[in-house]
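The values are calculated or read from the model by the stated rules, or taken from the named source; none is laboratory data. Keep in mind that this is a model prediction, so the values were computed, not measured. When we count neighbours, we look across all protein chains shown, and the Cβ atoms used for this are built from the backbone with ideal geometry, even at glycine. Only protein heavy atoms, including side chains, enter the accessible area calculation; ligands, DNA and RNA are left aside. Shrake-Rupley method; radii C 1.70, N 1.55, O 1.52, S 1.80 Å.
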Amino acid sequence: MSTVQPSLQQQVHALYSEHHGWLFGWLRKKLSCPQSAADVAQDTFVRIIASRDALFGLREPRAFLSTTAKRLLLDRARRQVLERSYLAELALLADSLPGAPSPEETLMAVQALEQISNALQHLSSKPREAFLLHYLEELPQAVVAAQLKVSTRMVQKYLVQALLACRQACPAMTA
């Protein structure tokens, strides 16, 4: 009698049925907010479904789920930092400009920031870190190089790599 490999749908269903409650409880303790915990739990399973190959050979489902959820929480935190930075800049500009940006302009800026965040997320850690340190924290390239323990020339290459990724991710930049 041969054993049949369960389909991806069956694997996802089993993973969800057996571990969603645990993941939700774990996230609820971490986040202290049931709505955010539900969102992240749902996003965790969506990411796993989107990856397709993630379930093959899965031995420690809770470790896998918690790692995926932690990465999603980091993504959310990065996005919130970008949003806060943008809103802080808007507040500073609002004081110096005669008119505030329209809701459409604000939406476009937030969408552009999300596209940039997604582009940076797909980079390796050093180009992403170089971009954030140089453009968000406004550190000179030499200081970024010292923090990353690379040459200034390498920081320049990292910045070009990050800017190209941002340009590809943001259709408005290529127009």
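Has region 66-77 got at least one residue that is farther than 30 Å from LEU8 by Cα and surrounded by 15 or more Cβ atoms within 10 Å (Cβ to Cβ)? No. If you go through region 90-130 and pick out every residue that is more than 20 Å from LEU159 (Cβ to Cβ) and out of contact with any Asp or Glu (no Cβ under 7 Å at 6 or more places or on another chain), you end up with 22.
To keep it simple, each residue is scored yes or no on (1) under 17 Å from ARG76 (Cα atoms); (2) open to solvent by 60 Å² or more (accessible area, probe 1.4 Å); (3) without any contact (Cβ under 8 Å) to a residue 60 or more places away in the chain.
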| residue | (1), (2), (3) |
| --- | --- |
| VAL12 | no, no, yes |
| TYR16 | no, yes, yes |
| PHE24 | yes, no, yes |
| SER32 | yes, yes, yes |
| GLN35 | yes, yes, yes |
| ASP39 | yes, yes, yes |
| VAL46 | yes, yes, yes |
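Give the residues of region 54-87 that are over 19 Å from the mean Cα position of the chain (by Cα) and touching a residue at least 40 places away in the same chain (Cβ under 8 Å), sorted by residue number. Once the filter is applied, which keeps residues that are over 19 Å from the mean Cα position of the chain (by Cα) and touching a residue at least 40 places away in the same chain (Cβ under 8 Å), region 54-87 yields LEU55, LEU58, PRO61, ARG62. Tallying residues that are part of a helix (DSSP H, G or I) and open to solvent by 40 Å² or more (accessible area, probe 1.4 Å) within region 131-160 yields 15.
For region 101-127, the set of residues classified as more than 24 Å from VAL144 (Cα to Cα) and either surrounded by 13 or more Cβ atoms within 10 Å (Cβ to Cβ) or hydroxyl-bearing (Ser, Thr, Tyr) (or both) consists of PRO101, SER102, THR106, MET108, ALA109, VAL110, ALA112, listed by residue number.
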